[in-house]
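A quick write-up on the structure given underneath.
The values are calculated or read from the model by the stated rules, or taken from the named source; none is laboratory data. The structure displayed is predicted, hence computed values, not measured ones. Reconstructed Cβ throughout: ideal geometry from the backbone, glycine too, with neighbour counts over all protein chains shown.
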Amino acid sequence: MRRLLLAFLLSAAACIAQAAEPAIGDMAPSHLGKGRDGKPVTLEQQRGKVVVVTFWASWCTYCLKELPVLDSLQRHAGELLQVIAVNVKDSPEDYRVMMRQMKQYSILQSRDSAGEIADGYGVTAYPNLWIIDRQGRIAAHHRGYGEGSLEEIVGEINRVLRESAAVPVPAAAPAG
């Protein structure tokens with residue numbers, strides 16, 4: 001009976017975690033942690049740009065392969081795109097080490113020390129990449145990393161850049 005109850009609870013928890021993941025077309029959760037300067041990082045700050053949000057951790061080998069590729073993408077796209085790399089649940093020391101190694105990166109870096117932001121995106125695997133259009137809606141989602149997926153990701157980013165260029169961006173609400 002205990003095993004049956006445990007199996008039920010585990011499957012219920014998995015369903016709840018799956019339900020928390022935003023869908024394509026949904027407004028993306030805006031808060032993305034705190035930047036290197038300690039200030040909040042939000043999607044509102046990036047309105048008018050296509051945003052690529054990747055959730056990563058220092059222990060994730062594939063994340064460490066993906067980050068330089070995303071940095072290169074950021075450098076090539078310039079002001080049309082903003083890549084935001086959200087570090088999830090690394091220890092303060094591991095985070096400091098990674099920030100020293102990533103000092104030259106042009107991508108915006110933030111931290112989700114408790115994993116609450118990643119939970120809001122339904123992140124269960126790393127790396128976890130989201131493409132968000134100029135209006136703040138989720139346009140695409142990728143789990144994991146592979147050399148073969150790069151072409152698809154770049155193609156989706158280019159598609160979102162083309163599509164969202166034709167749609168006017170609503171003005172941000174004044175701060176209250």
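I'm checking my understanding of the structure. Among residues of the range 35-47 that are loosely packed, with under 15 Cβ neighbours inside 10 Å and in contact (Cβ under 8 Å) with a residue 24 or more places away in the chain, which one is nearest to residue 106 (Cα to Cα)?
If we take residues in the range 35-47 being loosely packed, with under 15 Cβ neighbours inside 10 Å and in contact (Cβ under 8 Å) with a residue 24 or more places away in the chain, then 36 is nearest to residue 106 (Cα to Cα).
Across the range 93-116, which residue is nearest to residue 44 (Cα to Cα) among those that are among the polar types (S, T, N, Q) and surrounded by fewer than 17 Cβ atoms within 10 Å (Cβ to Cβ)?
106
Consider residue 90 carefully, then state whether it is over 21 Å from residue 150 (Cα atoms) and surrounded by 15 or more Cβ atoms within 10 Å (Cβ to Cβ).
Judged against the criteria, residue 90 is a match.
Are any residues in the range 48-60 at pLDDT 95 or above and surrounded by fewer than 17 Cβ atoms within 10 Å (Cβ to Cβ), and if so, which ones?
59 - this is the single residue of the range 48-60 that is at pLDDT 95 or above and surrounded by fewer than 17 Cβ atoms within 10 Å (Cβ to Cβ).
Yes/no matrix, rows are residues, columns are (1) at pLDDT 95 or above; (2) within 13 Å of the chain's Cα centre (by Cα); (3) assigned to a loop (DSSP other than H, G, I, E, B):
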{"residue": "4", "(1), (2), (3)": "no, no, no"}
{"residue": "10", "(1), (2), (3)": "no, no, no"}
{"residue": "16", "(1), (2), (3)": "no, no, no"}
{"residue": "21", "(1), (2), (3)": "no, yes, yes"}
{"residue": "38", "(1), (2), (3)": "no, no, yes"}
{"residue": "75", "(1), (2), (3)": "yes, no, no"}
{"residue": "84", "(1), (2), (3)": "yes, yes, no"}
{"residue": "87", "(1), (2), (3)": "yes, yes, no"}
{"residue": "111", "(1), (2), (3)": "yes, yes, no"}
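Could you tell me whether the range 121-133 includes any residue that is in a loop (DSSP other than H, G, I, E, B), in contact with a Ser or Thr (Cβ under 8 Å, 6 or more places away or on another chain) and surrounded by 15 or more Cβ atoms within 10 Å (Cβ to Cβ)?
yes
Given the options 145, 105, name the one that is in a loop (DSSP other than H, G, I, E, B) and within 23 Å of residue 21 (Cβ to Cβ).
Residue meeting the stated conditions: 145.
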